[in-house]
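A short worksheet on the structure shown next.
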């Protein structure tokens, strides 16, 4: 019975469903991280260094908006590969800040243990390579664009 169960299920994969699950799970986890940072904004800003010539408050606000948008796009599967790039960079910076922080957890504006960003980095790279799958807005829009392009070619050839 066990042999039949395992051998029978070997050929069946649910890659689109698994990509949907991983997209939803990762997007919700990243969204949760963003919301947690929003709730503790006043505590985080003093330890945050501004970038692009902006003040720490403006930089943190920009970062939170970017995280919120990217997490939403990842969940929806809309421009997902593009939406994965900023969080990938953010997690690389977070890991480097955590690993180089000599003062300990009190000096960090990222509220998690070392290794946590590496998990996000791994999942983001997988999703970047695998794509959003068929259960995504990217797929629906792509199919619609292909159908419109095919109709235009038929009209041009007539």
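The values are calculated or read from the model by the stated rules, or taken from the named source; none is laboratory data. Treat the numbers as computed from the prediction; the structure is a model and nothing was measured. With ideal geometry, Cβ positions are generated from the backbone for all residues, glycine too; neighbour counts draw on all protein chains shown.
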Are there any pairs with C-beta distances below 7 angstrom linking a residue in the range 27-45 that is touching a residue at least 12 places away in the same chain (Cβ under 8 Å) to a residue that is outside any helix (DSSP H, G or I) and surrounded by 12 or more Cβ atoms within 10 Å (Cβ to Cβ), with the two at least 6 apart or on different chains, and if so which? 36/111; 44/109
Out of all the residues in the range 129-158, which are assigned to a helix (DSSP H, G or I) and either at pLDDT 90 or above or under 19 Å from residue 16 (Cα atoms) (or both)? 129, 130, 137, 138, 139, 140, 141, 142, 143, 144
